[in-house]
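The values are calculated or read from the model by the stated rules, or taken from the named source; none is laboratory data. These numbers were taken from a predicted model, which means no experiment stands behind them. Methodologically, a virtual Cβ is constructed for each residue, glycine included, from the backbone with ideal geometry; neighbour enumeration extends over all protein chains shown.
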Amino acid sequence: MKKVITYGTFDLFHEGHYRLLRRAKALGDYLIVGVTTEAYDATRGKLNVIDNLMTRIENVRKTGFADEIIIEESSGQKFSDIKKYDIDIFTVGSDWTGSFDYLKDYCQVVYLERTKNISSTMLREKNRPIQRIGIIGTGRIANRFVPEARLVSGVSTQGVYNPHPESAVRFAGRWEIEAYTDLENFFSAVDVVYIASPHETHYAYIKAALEHGKHVLCEKPMVLQRAQAEELFRYAKDRGLILLEEIKTAYCPGFQKLLNIACSGNIGSIRNVEACFTKLERPDVRELTDPVYGGSFTELGSYVLLPVLKLYGTDYQELRFDTIRGENGLDLFTRASLVYPAGIATATCGLGVKSDGRLLISGTKGYIVAEAPWWKTTYFEVRYEDSSRVERYSDTFLGDGLRYEISNFLSMINQSSKENFKLTRSESVALADIMEQFLKTENRKHEDMGTQGLQPEISGEHRTGF
Ligand code: CTP
């Protein structure tokens, strides 16, 4: 019996897939079809798969060509499947010509001609109109956003807004997009808005974008007051719009894996979480000089609070801040200590004091350690009382990682689910609440800008993110 194997995502099952499977089956007597998992597709940068795994398997099954369907979970699997299933012929479409020649030592490799003018990518774009993204802000993080957005199919970066023409034109020229200095013109040219302006402008920009019927993805910290977060989420929900806070860690596959393991019972009940992220900055940068919104906690606090909120929830009983200040009174290093009914946590960040940036999650049966940069999670270990027992986990974090949240944002826009489990509304509200409490304890007189005040505050040099 001649055994044939082929693999694919088979998203939005189409004619090209059907023809490929029919010819694959005709190559032998028994056809095995490997269907990729969402997690595997994410590791190879295929982020916009629409159909879930069960639907994709069902569609392959319905063709009647597959004698057996298996799951493809990792890149090295093809080799072991060929051995395991005693395969005679490996086949895929001609778009892969040459890519699998290394398997020729083990079986015959056949590239079948790809069906022209049809692909899942084309269908995704046809069924769902391309979302034109408008960016507000022209700083470092906005510069990282554009190349990342180009890797996500279904979106295109249309233009950038900055009230300072020079900054807008420079940014637009660099990325070959449109420059806008008028908010009305900007909103009328885009479908969704990405906000990467200074913290204090977020609220007014989000509000203005939502009022213009735009979905919004906003850099962390989304807002600095609980009431504002609640108001904006309510407003967005009532109008069927998506509002999402951007903390790249929340959306990356490695961090998802870490949370899954932490919550799976492997380390027992979680009793302590310590998250630390420090980054030494020159003393003259905006983050260390802005008397109202500067300092380490507003800049990095969202990252270190994220694992605490994900693992314990938002109902902490006590919250305390300890800070080390620079000469201008701004916090160079802050530790937020949280007490929950069943555990404790510290979220530590610094811009002027360097520490060991790690994430440690301690449980009743063992603990998880992720070393810096755990906020771009690629590797972590689970350790136990028996020190010889160590479980190692790794995952990919591609590029600057913004592609994960952009693709998540797009899925939320395109699909019926309006809630996002990777960073929920209540978690974003809790983050805003903690920021507000921090600024209060710091006694900073901060007042977020209203829409009228938007114009002069946008600086092209603003730096946010890391
Ligand atoms: N295939 C084909 N003809 C097409 C599209 C796909 O023969 N027009 C083949 C691929 O070469 C592969 C299999 O079908 O062997 C599964 O491909 P998959 O990547 O799932 O489909 P695509 O339509 O190429 O998906 P995407 O656009 O997301 O890359």
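Yes or no, residue by residue, for (1) exposed (fewer than 15 other Cβ atoms within 10 Å of the Cβ); (2) among the hydrophobic types (A, V, I, L, M, F, W, C):
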{"position": "THR121", "(1), (2)": "yes, no"}
{"position": "PRO129", "(1), (2)": "yes, no"}
{"position": "ILE133", "(1), (2)": "no, yes"}
{"position": "ASN143", "(1), (2)": "no, no"}
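So for the range 217-237 (the condition being basic (Lys, Arg), under 30 Å from GLU391 (Cα atoms) and in contact with an Asp or Glu (Cβ under 7 Å, 6 or more places away or on another chain)), does at least one residue qualify? Spell out the reasoning first.
Let us first name the residues in the range 217-237 that are basic (Lys, Arg), namely 220, 226, 234, 237.
When the remaining residues are screened for being under 30 Å from GLU391 (Cα atoms), the result is none.
No.
Of all residues in the range 107-115, none satisfies being within 28 Å of TYR393 (Cβ to Cβ) and either β-branched (Val, Ile, Thr) or away from the ligand (no atom under 13 Å from the Cβ) (or both). Please find, among ILE82, ILE70, ILE57, ILE87, the residue that is of a type outside the set (Phe, Trp, Tyr), closer than 26 Å to MET1 by Cβ and within 14 Å of the ligand (Cβ to nearest atom). The match here is ILE57. Among the residues of the range 137-148, is there at least one that is modelled with pLDDT under 95 and either basic (Lys, Arg) or assigned to a strand (DSSP E or B) (or both)? Checking the range 137-148: at least one residue is modelled with pLDDT under 95 and either basic (Lys, Arg) or assigned to a strand (DSSP E or B) (or both).
Could you go through the range 262-273 and let me know if any residue there is part of a strand (DSSP E or B) and of a type outside the set (Val, Ile, Thr). Talk me through it step by step, then tell me what you get.
Filtering the range 262-273 for residues part of a strand (DSSP E or B) gives 270-273.
Narrowing the set further to residues that are of a type outside the set (Val, Ile, Thr) leaves 271-272.
Yes, some residue in the range 262-273 is part of a strand (DSSP E or B) and of a type outside the set (Val, Ile, Thr).
Of all the strands (runs of 3 or more DSSP E) wholly in the range 335-386, which have at least 2 residues that are among the polar types (S, T, N, Q)? Write out each step before concluding.
Numbers: elements: 343-350, 359-363, 366-370, 379-384.
The qualifying strands (runs of 3 or more DSSP E) are 343-350.
Restricted to strands (runs of 3 or more DSSP E) entirely inside the range 173-246, those with at least 2 residues that are crowded, with 21+ Cβ neighbours inside 10 Å are 192-195, 215-219, 243-246.
For the range 1-53, a residue qualifies if it is near the ligand (Cβ under 7 Å from one of its atoms) and either in contact with a Pro (Cβ under 9 Å, 6 or more places away or on another chain) or not in a strand (DSSP E or B) (or both), and the qualifying residues are THR9, PHE10, ASP11, HIS14, GLY16, HIS17, ARG19, LEU20, LYS46. Mind checking which residues of the range 375-414 are touching a residue at least 24 places away in the same chain (Cβ under 8 Å) and of a type in the set (A, V, I, L, M, F, W, C)? Those that are touching a residue at least 24 places away in the same chain (Cβ under 8 Å) and of a type in the set (A, V, I, L, M, F, W, C): TRP375, PHE380, VAL382, PHE397, LEU398, LEU402, ILE406, PHE409, LEU410, MET412, ILE413. Within the range 103-124, residues that are under 11 Å from GLU15 (Cβ atoms) reach partners that are more than 7 Å from the ligand (Cβ to nearest atom) with beta carbons closer than 9 Å, at six or more positions or on different chains, in the pairs THR115/GLU15; THR115/TYR18; ILE118/GLU15; LEU123/LEU12; LEU123/ILE50. Tallying residues that are within 13 Å of the ligand (Cβ to nearest atom) and β-branched (Val, Ile, Thr) within the range 116-173 yields 3. Filtering the range 364-384 to residues that are surrounded by 21 or more Cβ atoms within 10 Å (Cβ to Cβ) and of a type outside the set (Ser, Thr, Tyr) leaves ILE368, ALA370, TRP374, TRP375, PHE380, VAL382.
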